[in-house]
1. Could you tell me how many of the residues in the range 357-375 are surrounded by fewer than 17 Cβ atoms within 10 Å (Cβ to Cβ) and closer than 26 Å to ASN21 by Cα?
2. Here is a list of conditions, (1) open to solvent by less than 60 Å² (accessible area, probe 1.4 Å); (2) modelled with pLDDT of 80 or more, and THR112 meets all of them except one; can you say which number that is?
3. Is it true that PRO311 is at pLDDT 95 or above and open to solvent by less than 10 Å² (accessible area, probe 1.4 Å)?
4. Filter the range 264-278 for residues that are without any contact (Cβ under 8 Å) to a residue 40 or more places away in the chain and part of a strand (DSSP E or B); which is farthest from GLY229 (Cα to Cα)?
5. If you check GLU396 against the conditions, is it touching an Asp or Glu at 6+ places or on another chain (Cβ under 8 Å) and either aliphatic (A, V, I, L, M) or open to solvent by less than 50 Å² (accessible area, probe 1.4 Å) (or both)?
6. Just wondering, is there one or more residues in the range 373-390 that are under 13 Å from the mean Cα position of the chain (by Cα) and in a strand (DSSP E or B)?
7. Would you list the strands (runs of 3 or more DSSP E) that sit entirely within the range 279-365 and hold 3 or more residues that are touching a helix residue (DSSP H, G or I) at 6+ places or on another chain (Cβ under 8 Å)?
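The values are calculated or read from the model by the stated rules, or taken from the named source; none is laboratory data. Note that the structure is predicted; figures quoted are calculated from it, not measured. Don't worry about glycine lacking a Cβ; one is built from the backbone with ideal geometry, like all the others, and counts go over all protein chains shown. All accessible areas refer to the heavy atoms of the entire protein, side chains included, with ligands and DNA or RNA removed. Shrake-Rupley method; radii C 1.70, N 1.55, O 1.52, S 1.80 Å.
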Amino acid sequence: MSNTLVTCSIVAKEALAILENMLSFSANVNRDYEAEFSANQSRGYSPGQTINIKKPPRYTYRAGRVSVPQATVESTIPLTLSQGGTDLNFTGIERTLSLQQLEQKLTAAMATVANEIDRQGLDLARVATFNVIGTPGTLPTTQALALAAVTGLNQRLDEMAAPRDKQRSLIMNPALNASMVQGFAGLFNNSSTLDKQFQRGVMVDSLGIAYAMDQNVATHTNGSQVVAGTNISGANQTGSSITVAALGGTITRGTKITLPGVFAVNPQSRQSTGVAAQFTVTADLLGGATSIPISPAIVTSGAFQNVTASPTTGQPFTIFGTVSASYGANVAYHRDAFTLAMVPMYAPPSGKGVIDVAQETHKGLTMKVTEFYDGVNDNYIMRMDVLFGWAATYPELSVLYAT
């Protein structure tokens, strides 16, 4: 029986299947906006490298009979595509390999691509997510702590109005996964659940959350600014930056802070949750800086109100964690918190150095495989390209669990 020759189409299909199995974080995020690129391309034009995703407007409740018309305000989130991939090289003899013999090389190649896609998404989650619970440097090793971790994450997602529609996930680094398996071991009475967890060594979906372990979970490192920060400088501050007294140390991008007198509100009722509102610092800051850029922007009234009040002037902000220390940024999130788009690329025609080209799409994953020839060295070079982009569409629907 003759071998199945390695064509670009076969390689693309096999590579996509492997890629799908390697994606943990990416498998449970929103993929709806890929059509903004691909559908428009099919009509003969491209929307460009960046699209702006519209978020739905919000309105306030009117009491009584008299109409109070409200303006419609739609905010947008940019999603920008970037190209990447990996490349294989075959000699003329190796080119006759069967697909089965090539699979090991494809697995290694796809691991590189999958890791980078997931790494970028999880690093975005580290920076964009502003809600965080847990204690840096501490794992939930007991049954009570493991249960408190999951219920605490669900509580914070509930407070931010994340839907309870079976689309919540928790992506854990290896240490948290091992700790949670240990902590949850005595909670399950269902023998099939116990068996799955024992066989796989990873958490089995429970308490309204789907679990996955991912070695690409990001680590955040705080700067040298002490936890009790400098005083807020000025009353009634709102917006995406806060004026403070000069910093005594550095603050790193992605650091989480709370502000004095500022509590989070439910996004629909605008009632206080009783929990101090948390913010993420959106840029690296040096000592001596007097303005801290933050996300989300402080909004104290109206349809997009997200806090109870402006920060109290003359009181210090507070940094989550400890000075210059690191913590694992495990992330619990609803599907709509983050968006991944993978879209088709231009595929060159065969000839002029191109031996074969194919582009395949599988469950929202798109890959282009192009093969060309180096006649001097009798080498066949096969490049595998992806075009993808991430956006934090609703970061309020995500919560970090620090370990």
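1. 4
2. All conditions pass for THR112, except number (1).
3. Taking the combined requirement at face value, the residue satisfies it.
4. This residue is SER272.
5. It is false that GLU396 is touching an Asp or Glu at 6+ places or on another chain (Cβ under 8 Å) and either aliphatic (A, V, I, L, M) or open to solvent by less than 50 Å² (accessible area, probe 1.4 Å) (or both).
6. Scanning the range 373-390, I find at least one residue that is under 13 Å from the mean Cα position of the chain (by Cα) and in a strand (DSSP E or B), so the answer is yes.
7. The strands (runs of 3 or more DSSP E) meeting that bar are 326-334, 339-342, 354-362.
Residues checked against (1) modelled with pLDDT of 80 or more; (2) surrounded by 12 or more Cβ atoms within 10 Å (Cβ to Cβ); (3) assigned to a strand (DSSP E or B); (4) on the phi > 0 side of the Ramachandran plot:
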residue	(1), (2), (3), (4)
GLY48	no, no, no, yes
PRO57	no, yes, no, no
ARG62	no, no, no, no
ALA71	no, no, no, no
GLY84	yes, yes, yes, no
PHE90	no, yes, yes, no
ARG95	no, yes, no, no
